[in-house]
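The values are calculated or read from the model by the stated rules, or taken from the named source; none is laboratory data. None of these values were measured; they are calculated from a predicted model. We place every Cβ from the backbone using ideal geometry, glycine too, and count neighbours over all the protein chains shown. Keep in mind that these areas ignore ligands, DNA and RNA; they rest on the heavy atoms of the full protein, side chains included. Shrake-Rupley method; radii C 1.70, N 1.55, O 1.52, S 1.80 Å.
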Amino acid sequence: MNNLELQKTANEVRKGIIIGTHAAGAGHPGGSLSAADIFTYLYFEEMNIDPQNPKDPDRDRFVLSKGHTAPGLYSAMANRGYFPVEELETLRKVGSRLQGHPSMQYLPGLDMSSGSLGQGISAACGMALGGKLDNKDFRVYTLLGDGEIEEGQVWEAAMFAAAKKLDNLVVIVDNNNLQIDGTIEEVNSPYPIDKKFEAFNFHVININGNDFDDLRKAFAEAKATKGVPTAIIAKTVKGKGVSFMENQVGWHGKAPNDEQFAIAMEDLAKIDKALEAQA
Amino acid sequence: MADKIATRVSYGNALKDLAEQYPDLVVLDADLAGATQTGIFKKAYPDRFFDCGIAECNLMGVSAGLAAVGKIPFASTFAMFAAGRAFEQVRNSIAYPHLNVKIGATHAGISVGEDGASHQCLEDLALMRELPGMVVMNPADDTEARWAVKAALDHEGPVYIRFGRAAVPVVYSPDTKFEIGKGSILREGKDVTIVATGILVAAALEAAEKLAADGIDAEVINICTIKPLDEDIILKSAAKTGKVVTAEEHFITGGLGSAVAEVLSEKLPTKMARIGVRDRFGESGSAAALIKKYGLDGDGVYASVKEFLA
């Protein structure tokens, strides 16, 4: 996909986030929207996957370590063809495959259950190690929140990944700078994030996580990196694409009401129009 | 009874012996390979052994990831850190996605000895029993411990196996047949049932001999699989004897005693007593001295049963 196609797709992913959280009356739109371009790049460009064959042992793996942004992952998966986009409206409802946090027992195509912060990166390390053991070429991607890296287990896993030379592992940190109680500096600053991963012997790439040129370059660089794991520190805007949610901490874990839903969908329709004008 | 061997040694030997037959078997430890005895496997299969260092939460998560790509990982550390420190990782990264991870937890219970209470896990069976889909096993001797490792490999889904530090008598002959979820009657009797697990099995058999000298005919049941529990064997014996005593190297709350009490209170209310550690932490001392002090040896079980029957 070229950048314009990716941008259009990411906008569809964002609509799915708004539709899902609005229908659920709950969920985490802010961090789903900040990572929408990352989800889109991974599922539409980067990863070797086939929605028709979600259990292919040679497929690339994705672990959403910041599991609360499941609405973003679900929307990317639906748009990619894992399940009907209409199903996004069942998010968080009784009987839905779209649990509040990802559960691989419910939804085919999920490579790991997650949601308790700090745990997904360890599972991703295990997958990458397993791939190495079997001389398989698949790669493992895991997305963490910037608040999430306050969890000690993240650094246990980081130490392990470098010590075991897991160069088939890419850790992406969605650095939208906001967590529930405020900015990440106010709460318990994990900065400098890049220096920390460097100290843990990662190859570190700083990018704008809402820019497809940056994403394309970073993932190519990760693939070319041998002997050490890669960390992509992706600076993003929380709530990206929805005017009243952008950089607002209050939109971490709150669903839009009917009125807000209408405004959000209008915002995203405007983006569609702007992208059409570029075509 | 024949030689004594610690079940942790049985564990290390079984891992090594089964490695050829199970090519997906891999072993992980957290800087305790010498103590947990996974070092036996490491020496024979260094490419299939991974030391996670002193990071038990990551140990469980890495094991989950390995299972998700088709490996059968045995995650090893002391019971205190496997069931205690990494409880939530076991719950959310292993049990909830029902991944095929086997947890080999050694140095369980008070028989850890000199290290003292910080390392004497007396609540692991309770913690692991709470997790949906988790099989919980507590082998009694070398024979049962080796079988438990193989049974775990053949079972699809998470399994917790508890092994001990101290050498214990071999109760079973090498050709004994076991089954996950099935207890076994080691001694038939009609006056009282002693339901034991782990190192208390040998103690219960010893106590039964002493009771026999007093004219008390005790039935001794070994429950290796704490979950799923063999309800039938317990109900049948309780119906016969009308009196049940449980015996375990664990707090009397949450483990075997609680599991048996749950079954009996719902299906066949029976007078019962629980032998175990009572609402206090352990302490330093030799394994033998502690087992004696806490009434978990043959004499202790004998005295408790006599008191219960008085």
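Below is a table of values for the structure above.
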item	result
Test: residue in region B:138-156 that is within 13 Å of chain A (Cβ to nearest Cβ), over 17 Å from the mean Cα position of the chain (by Cα) and within 26 Å of A:SER103 (Cβ to Cβ)	no
Residue check for A:GLY120: buried (at least 24 other Cβ atoms within 10 Å of the Cβ), facing chain B (nearest Cβ under 7 Å) and touching a helix residue (DSSP H, G or I) at 6+ places or on another chain (Cβ under 9 Å)	no
Strands (runs of 3 or more DSSP E) (entirely within region B:114-233) containing at least 1 residues that are open to solvent by less than 20 Å² (accessible area, probe 1.4 Å)	B:135-137, B:159-162, B:167-169, B:192-196, B:218-222, B:225-227
Residues within region B:85-129 that are among the charged types (D, E, K, R), under 29 Å from A:GLY120 (Cα atoms) and over 15 Å from the mean Cα position of the chain (by Cα), tallied	3
Test for B:VAL245: is it of a type outside the set (S, T, N, Q), assigned to a helix (DSSP H, G or I) and touching a residue at least 60 places away in the same chain (Cβ under 8 Å)	no
Some residue of region B:111-120 being within 14 Å of another protein chain (Cβ to nearest Cβ), touching a residue at least 40 places away in the same chain (Cβ under 8 Å) and closer than 24 Å to A:GLU156 by Cα	no
Failed item, numbered, when B:GLY84 is tested on (1) open to solvent by less than 10 Å² (accessible area, probe 1.4 Å); (2) farther than 15 Å from B:TYR11 by Cβ	(1)
Members of region A:97-124 that are outside any helix (DSSP H, G or I) and farther than 20 Å from B:PRO132 by Cα	A:LEU98, A:PRO108, A:GLY109, A:LEU110, A:ASP111, A:LEU117, A:GLY118
Helices (runs of 4 or more DSSP H) enclosed by region B:2-59 - at least 2 residues per element that are open to solvent by less than 20 Å² (accessible area, probe 1.4 Å)	B:7-18, B:33-36
Condition check for B:LYS71: more than 14 Å from chain A (Cβ to nearest Cβ) and either over 19 Å from the mean Cα position of the chain (by Cα) or open to solvent by 30 Å² or more (accessible area, probe 1.4 Å) (or both)	no
Hey, A:ALA264 in contact with a strand residue (DSSP E or B) (Cβ under 9 Å, 6 or more places away or on another chain), among the hydrophobic types (A, V, I, L, M, F, W, C) and buried (at least 21 other Cβ atoms within 10 Å of the Cβ) or not	no
Residue in region B:257-278 that is among the small types (Gly, Ala, Ser) and either at pLDDT below 95 or part of a loop (DSSP other than H, G, I, E, B) (or both) present	no
Of all residues in region A:220-240 being without any contact (Cβ under 8 Å) to a residue 24 or more places away in the chain and over 20 Å from A:ALA163 (Cα atoms), the one that is least open to solvent (accessible area, probe 1.4 Å)	A:ALA220
A:ASN208 vs. criteria touching a residue at least 24 places away in the same chain (Cβ under 8 Å) and either more than 24 Å from A:CYS125 (Cβ to Cβ) or open to solvent by less than 50 Å² (accessible area, probe 1.4 Å) (or both)	yes
Evaluation of A:VAL173 against (1) open to solvent by less than 10 Å² (accessible area, probe 1.4 Å); (2) more than 14 Å from chain B (Cβ to nearest Cβ); (3) in contact with a Ser or Thr (Cβ under 8 Å, 6 or more places away or on another chain) (one fails), failing number	(3)
Matching residues, region B:189-223, being within 23 Å of the chain's Cα centre (by Cα) and among the charged types (D, E, K, R)	B:GLU206, B:GLU219
Test result for B:ALA239, assigned to a helix (DSSP H, G or I), open to solvent by 30 Å² or more (accessible area, probe 1.4 Å) and touching a Leu at 6+ places or on another chain (Cβ under 8 Å)	yes
Considering residues of region A:124-161 that are open to solvent by less than 20 Å² (accessible area, probe 1.4 Å) and touching a Pro at 6+ places or on another chain (Cβ under 6 Å) only, the residue farthest from the other protein chains (Cβ to nearest Cβ)	A:ILE149
Entirely in region A:2-85, the helices (runs of 4 or more DSSP H) that have 1 or more residues that are aromatic (Phe, Trp, Tyr) and open to solvent by less than 10 Å² (accessible area, probe 1.4 Å)	A:36-41, A:70-80
Answer residue from region B:248-275, given it is within 19 Å of B:LEU309 (Cβ to Cβ) and touching a residue at least 40 places away in the same chain (Cβ under 8 Å) and is surrounded by the fewest Cβ atoms within 10 Å (Cβ to Cβ) among those	B:VAL260
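Yes/no matrix, rows are residues, columns are (1) open to solvent by less than 80 Å² (accessible area, probe 1.4 Å); (2) free of Cβ contacts under 8 Å to residues at least 60 places away in the same chain; (3) over 27 Å from A:ALA161 (Cα atoms):
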site	(1), (2), (3)
A:ALA218	yes, yes, no
A:PHE244	yes, yes, yes
A:GLY250	yes, yes, yes
A:GLY253	yes, no, yes
